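Right, one structure below, let's go through it.
The values are calculated or read from the model by the stated rules, or taken from the named source; none is laboratory data. Source: prediction; values computed, not measured. FYI the Cβ positions are ideal-geometry reconstructions off the backbone, even for glycines, and counts take in every protein chain you see.
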Amino acid sequence: MSTENEVHKASEQFYAALNHLFNGNASSMEGIWSKDSTITVLQPIGGRTVGWDDIREAYRDIAQIAENGQVKLDDQIIQVIGDVAYEVGVERGQAAFAGNQVTLDYRVTNIYRREAGGWKIVHHHTDISPAMIEFLNQT
């Protein structure tokens, strides 16, 4: 399997885990993320989360209010440079958070790193989502 295909497979695993998350199950994120204290997420609700412990906690919080979600990555481009790879694309889908339907449609950048267990995600960055911020401000 080519290196780009390996990264593509890691991306598919990440988006499968994200779909589980948007249906109330955060546990599948465990296998795809690096456990490093320097990994990062720049979320669609704004802010930055650093380190696996805090990222895992944020995903658990999301899973508690998420249901009936589906997201896919469109317009994917993958670039591999040694033991690091990045992908860009557009995440599109729908999810309900605490019963409020939200449309997902934003640009994304994911960075993967080759580790002993294969390719792991080390950074996830999406555009700001005004719909999600509006929903959170109402709760």
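Among the numbered criteria (1) more than 30 Å from Ser2 (Cβ to Cβ); (2) free of Cβ contacts under 8 Å to residues at least 40 places away in the same chain, which one does Ala63 miss?
In the conditions (1) more than 30 Å from Ser2 (Cβ to Cβ); (2) free of Cβ contacts under 8 Å to residues at least 40 places away in the same chain, Ala63 misses (2) alone.
Hey, can you tell me all the residues within region 23-47 that are closer than 21 Å to Ala131 by Cα and modelled with pLDDT of 95 or more?
If the condition is that a residue be closer than 21 Å to Ala131 by Cα and modelled with pLDDT of 95 or more, then Asn23, Gly24, Val41, Leu42 are the ones that fit.
Which number in (1) outside any strand (DSSP E or B); (2) surrounded by 15 or more Cβ atoms within 10 Å (Cβ to Cβ); (3) modelled with pLDDT under 95; (4) small (Gly, Ala, Ser) marks the one condition that Ala17 misses?
The number of the failed condition is (3).
Output the number of the condition that Glu134 fails; it satisfies all remaining conditions of (1) within 18 Å of the chain's Cα centre (by Cα); (2) part of a helix (DSSP H, G or I); (3) loosely packed, with under 15 Cβ neighbours inside 10 Å.
So Glu134 meets the others, but not (1).
Do the conditions hold for Arg92, that is, is it more than 20 Å from Glu134 (Cα to Cα) and of a type outside the set (Phe, Trp, Tyr)?
No: the conditions fail for Arg92.
Quick test for you: out of Val108, Val122, Val102, Val50, pick the one residue that is free of Cβ contacts under 8 Å to residues at least 40 places away in the same chain, within 20 Å of Lys9 (Cβ to Cβ) and not charged (D, E, K, R). Walk me through how you get there before you give the answer.
Details: Val122 fails: free of Cβ contacts under 8 Å to residues at least 40 places away in the same chain; Val102 fails: within 20 Å of Lys9 (Cβ to Cβ); Val50 fails: within 20 Å of Lys9 (Cβ to Cβ).
None of the others qualify; the one that does is Val108.
Considering Val80, Val88, which residue is in contact with an Asp or Glu (Cβ under 6 Å, 6 or more places away or on another chain) and either touching a residue at least 12 places away in the same chain (Cβ under 8 Å) or of a type outside the set (Gly, Ala, Ser) (or both)?
Sole residue among the options that is in contact with an Asp or Glu (Cβ under 6 Å, 6 or more places away or on another chain) and either touching a residue at least 12 places away in the same chain (Cβ under 8 Å) or of a type outside the set (Gly, Ala, Ser) (or both): Val80.
When you look at Gly46, is it outside any helix (DSSP H, G or I) and in contact with a strand residue (DSSP E or B) (Cβ under 7 Å, 6 or more places away or on another chain), yes or no? Step through it out loud before you land on a result.
Values: outside any helix (DSSP H, G or I): yes; in contact with a strand residue (DSSP E or B) (Cβ under 7 Å, 6 or more places away or on another chain): no.
For Gly46, the condition - outside any helix (DSSP H, G or I) and in contact with a strand residue (DSSP E or B) (Cβ under 7 Å, 6 or more places away or on another chain) - is not met.
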